[in-house]
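Working notes, beginning with the structure itself.
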Amino acid sequence: MKLHTYSSRGLCLAPYLAGLVLAVWLGLGGGGLGWAQPDPSWLAHDRTRPAPPPVDPGTGSIVAEPGRPPSDAIVLFGGSDLVGWCALDGSATRWVVKDGAMECVPGSGYIRTMQAFGDCQLHLEFATPAHVEGEGQGRGNSGVFFGLNRYEIQVLDSYENPTYADGSAGAVYIQYPPLVNASRPPGQWQSFDIVWTAPRFGADGQLLSKAWVTAFHNGVLVHLNVELTGPTGWLTRAPYRAHPEKLPIALQDHGNPVRFRNIWVRELGKPGKPEFTFSEAALRRFVGEYDRGRNELVRVEPAGDGLLRFTVQGATFDLFAEGPSRFFAKTTDIQCQFETDPQGAVTGLVFSVGEGGIRAKKLK
Ligand code: MG
């Protein structure tokens, strides 16, 4: 059987690789989450088992033009605008769109998605500057980050550009060099297809399972389910520190005008609500005490990483954003909608547990 087709001018084989990637990932245990075993709740060849949902796989890219994402992908960048992207702190990005590509403006800082992602399949295409300047880590450096700014897959012009192996194109920076150097010459479009398994942390912050990566560079396997030791970073391999399972995907500003196009993601694992990571400044306006009557107060505090901490009747919950003023908890089915006046000032909240809603008025 022909799994996929290599074309001499073909660029990326993402749609054709998707099944292969998933097969590798699932076959190796889905990042240690115990998915390697067939589900015992179904018989072998069980005729009542639901069929896989159909997906239009889209088309692969060629150098001259990007392909079409699979039908179930979330398109993060389609070539025309930076809607859904912002700077690392949630403010407006200064990256620009030129000729169907988004381009890093040196000195502008990282760019990140507003939406947060956990386990996922990420496709993106990048081109390092055609005009070669610098050497080693200074040539065409950027990076694809998961976990906001914690875990980097290196973007670099690694075409005839020696540098340390664990910092070359496709490396899990400082941890794993790519299996091979599949780089194209500077200026040409290249692709990454990355299967990311997010680390998991318990309620008290202990590490439950590490992050895992499988990745293809220009259709060539460069990582087969490697286990990250913790965050990536220059000089040191830092230990894991607890963070939400879903966080934005970011692209690095390392001082070079690297371009990106055709960025899409498919969320994996159990479906959930979309989650967003708003700026700390945007969240700060919700912080305070709210009077729900009966001499009871509801308290809302900042919790970092785009979360709010919600305390009611002595019980505390982390709230995740599903919209600019709408939040939910994951351990208990609590929904929280903040209310504003016409000027945008927060006046109160309505939270619900099960049916109905409880209104609480914000105190000064
Ligand atoms: Mg980098």
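Read-outs throughout are calculated quantities, based only on the coordinates presented, and are distinct from any laboratory measurement. Owing to the predicted nature of the structure, the values given are computational and were not obtained by experimental measurement. Cβ sites come from the backbone with ideal geometry, for glycine too, and all protein chains shown count toward neighbours.
Summary of computed values
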read-out	value
Order of Phe278, Phe327, Phe351 - criterion: other Cβ atoms within 10 Å of each residue's Cβ, fewest first	Phe278, Phe351, Phe327
Within segment 306-350, backbone nitrogen closer than 17 Å to the virtual label 7 Å beyond the Cα of Ala282 toward Cβ	306-309, 319-328, 336-340, 344-346
Estimated FRET transfer efficiency when R0 is 25 angstrom, pair Val97-Ala345 (beta carbons, to 0.05)	0.15
Crossing angle, helix 14-27 versus the chain [Cα axis fit, 0-90 degrees, rounded to tens]	70
Nearest-0.05 FRET efficiency for Asp56 and Thr316, computed from C-beta distance (R0 51 Å)	0.70
Selected from Leu124, Leu235, Leu88 as most flexible by GNM, with the chain as the system and alpha-carbon contacts under 10 Å	Leu235
P(r) weight above 38 Å for the chain, C-alpha pairs, percent	23
Fewest-first sequence of Lys273, Lys210 by Cβ atoms within 10 Å of each Cβ	Lys273, Lys210
For Leu179, Leu319, order by how many other beta-carbon atoms lie within 10 Å, fewest first	Leu179, Leu319
DSSP-assigned coil residues among trypsin sites (Lys or Arg not before Pro) in segment 71-140, each with at most 15 further Cβ atoms within 10 Å	Arg94
Loop chymotrypsin sites (Phe, Trp or Tyr not before Pro), segment 109-194, which have at most 15 other Cβ atoms in a 10 Å radius of their Cβ (DSSP)	Tyr164
Per-pair calculated FRET efficiency, R0 = 51 Å: Glu296 and Asp166 via Cβ, rounded to 0.05	0.40
Lysines with Cα under 27 Å of Lys330, excluding same-chain neighbours fewer than 8 positions away	Lys210, Lys246, Lys270, Lys273, Lys361, Lys362
Residue-averaged 222 nm ellipticity for the chain, from DSSP H runs of 4+ at -39500 (n - 2.57), nearest 500	-1500 deg cm²/dmol
At q = 0.12, 0.20 Å⁻¹, base-10 log of I(q)/I(0) for segment 280-362 (Debye sum, equal scatterers on each alpha carbon)	-0.29, -0.86
